[in-house]
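These notes are about the structure you will find just below.
The values are calculated or read from the model by the stated rules, or taken from the named source; none is laboratory data. Just so we're clear, the structure is a prediction, and the values are computed from it rather than from any experiment. Glycine gets a Cβ as well: all are built from the backbone with ideal geometry, and neighbour counts include every protein chain shown.
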Amino acid sequence: MIKDKYLEKYVGQSRSAIMFFAGDQLIASNHSAEELQRRYGLDPCYLRQIAQNGKSSSTAGYQVRTNVVTIPTKEKESLHLSLCYRLLDQEEDVYSLTIRNLQHEEQLSAQERQHLLTRYVNRAHEKERQRISQDLHDSIAQGVYSAIMGVRRFTQGDLSPAEQQETSQAIEIQLQETLTEIKEMALDIRPAVLDSFGLVPAIKALAKRLQANSGVIINVLAVDEQAIQLTSDEQSVLYRVCQEAINNALRHAHPSEITVLLSNHPHVIQMQVLDDGDGFNLKKNAHFNGHSLGLMNMKERVTALNGVFEISSHPHEGTTLTVKFPLNTVR
Ligand SMILES: Nc1ncnc2c1ncn2[C@@H]1O[C@H](COP(=O)(O)OP(=O)(O)OP(=O)(O)O)[C@@H](O)[C@H]1O
Ligand SMILES: [Mg+2]
């Protein structure tokens, strides 16, 4: 049909990169899309996943997800892309992905991006300060206060030698516990091992500590540290996500085992945290409920660095959390 001929020509010559997917498979793409993959080494499936992370809307009855991302490249400049992921055929599971290079179009001003980033960083800092302040108040201050009470009893009271011994022991135990809590807080704020030895040893130390505290087996299976070419920001984010994911599993899932898997793939580095616990209903926890921040924070931290964040969970079947960062870009 003549209409199809012109449509094909328009899509083929479009400056926007256009791809079509059936399920997980790329089934067709135009010249600009091939150019984007060839020139920048971008994996179509990675682009599709970051598009899926975007804002959802419905246009003319079609389900659409849009996302704007900045991706570092081998060349000097970063790529600023607008992605539009559209459901074309529900039965056949066919989607289109249209990618516009915003640099060409100069649609996203540097000022606006800076503004968004500053807001994100400020919010993250504020939350961190709140948590430290709460820990200091609820745990450290209480411990010191109770040791002070012990000392008062010791000096003011009319205690028998046996009572004196008992009180001094209680004070020492209290101070030891407070000291342990201070050390754990210091580890939580910034694990020194992450800076000195890298991600894998830091995660192994974390797993060992949480296993000892909980009695739940926590395995860490990781590729050779040499192979992990992540920026220090990405390493911090993976560490934080791992910490929150293990804590979530321990707090909510009653698992018998938790496994952290770090692996290299052709285009991505992937971390998975799997537990064999109770699982949960993702839809129910998809929106902010006024107090639970863990899942939202993890997703926000990962997507702010252009990573992909996914969770799969079903009641009684455990939970798997996956984070991916692209590999073949020079950062
Ligand atoms: N691995 C898991 N297994 C079972 N349920 C989970 C798991 N991870 C999260 N959940 C469920 O999802 C909810 C939201 O998790 P989220 O980490 O956002 O909040 P939270 O752990 O309740 O609180 P916090 O803000 O302290 O992290 C949890 O309350 C829990 O019901
Ligand atoms: Mg949590």
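Would you confirm whether any residue within the stretch 312-322 is modelled with pLDDT of 90 or more, closer than 26 Å to P72 by Cβ and in a strand (DSSP E or B)? Yes, because at least one residue in the stretch 312-322 is modelled with pLDDT of 90 or more, closer than 26 Å to P72 by Cβ and in a strand (DSSP E or B). Here the stretch 191-226 is the region considered, the condition is being surrounded by fewer than 13 Cβ atoms within 10 Å (Cβ to Cβ) and assigned to a helix (DSSP H, G or I), and the residue that is farthest from ligand 1 (Cβ to nearest atom) is Q226. If the requirement is being within 19 Å of I50 (Cβ to Cβ), out of contact with any Asp or Glu (no Cβ under 6 Å at 6 or more places or on another chain) and assigned to a loop (DSSP other than H, G, I, E, B), which of these qualifies: N306, N281, N285? Testing whether each residue is within 19 Å of I50 (Cβ to Cβ), out of contact with any Asp or Glu (no Cβ under 6 Å at 6 or more places or on another chain) and assigned to a loop (DSSP other than H, G, I, E, B) leaves just N306.
Inside the stretch 1-12, can you point out the residues that are out of contact with any His (no Cβ under 7 Å at 6 or more places or on another chain) and assigned to a helix (DSSP H, G or I)?
Those that are out of contact with any His (no Cβ under 7 Å at 6 or more places or on another chain) and assigned to a helix (DSSP H, G or I): I2, K3, D4, K5, Y6, L7, E8, K9, Y10, V11.
For the stretch 29-49, the condition of being crowded, with 17+ Cβ neighbours inside 10 Å and in a strand (DSSP E or B) holds for at least one residue.
When G279 is tested against (1) over 27 Å from Q235 (Cβ atoms); (2) within 12 Å of ligand 1 (Cβ to nearest atom); (3) surrounded by fewer than 18 Cβ atoms within 10 Å (Cβ to Cβ); (4) not aromatic (F, W, Y), just one condition goes unmet, and that condition is (3). Check whether at least one residue in the stretch 262-273 is more than 26 Å from V68 (Cβ to Cβ), at pLDDT 85 or above and buried (at least 20 other Cβ atoms within 10 Å of the Cβ), and report yes or no. Checked against the condition, which is being more than 26 Å from V68 (Cβ to Cβ), at pLDDT 85 or above and buried (at least 20 other Cβ atoms within 10 Å of the Cβ), the stretch 262-273 yields at least one hit. Sub-9 Å Cβ pairs linking a first residue in the stretch 248-260 that is assigned by TED's automatic domain parsing to the domain that holds I217 and within 11 Å of ligand 2 (Cβ to nearest atom) to a second residue that is assigned to a loop (DSSP other than H, G, I, E, B) and aliphatic (A, V, I, L, M), at least 6 apart or interchain, are A249/V216; L250/V216, ordered by first then second residue. Figure legend. Inter-residue proximity from the stretch 234-245: first residues of a type in the set (D, E, K, R), second residues within 16 Å of ligand 1 (Cβ to nearest atom), beta-carbon distance below 6 Å, spacing 6+ or different chains. Indicated pairs: E244/G294; E244/M298. Tell me, please, whether a residue that is among the charged types (D, E, K, R) and either out of contact with any Gly (no Cβ under 9 Å at 6 or more places or on another chain) or at positive phi (or both) can be found in the stretch 138-147. The answer is yes, given that some residue of the stretch 138-147 is among the charged types (D, E, K, R) and either out of contact with any Gly (no Cβ under 9 Å at 6 or more places or on another chain) or at positive phi (or both).
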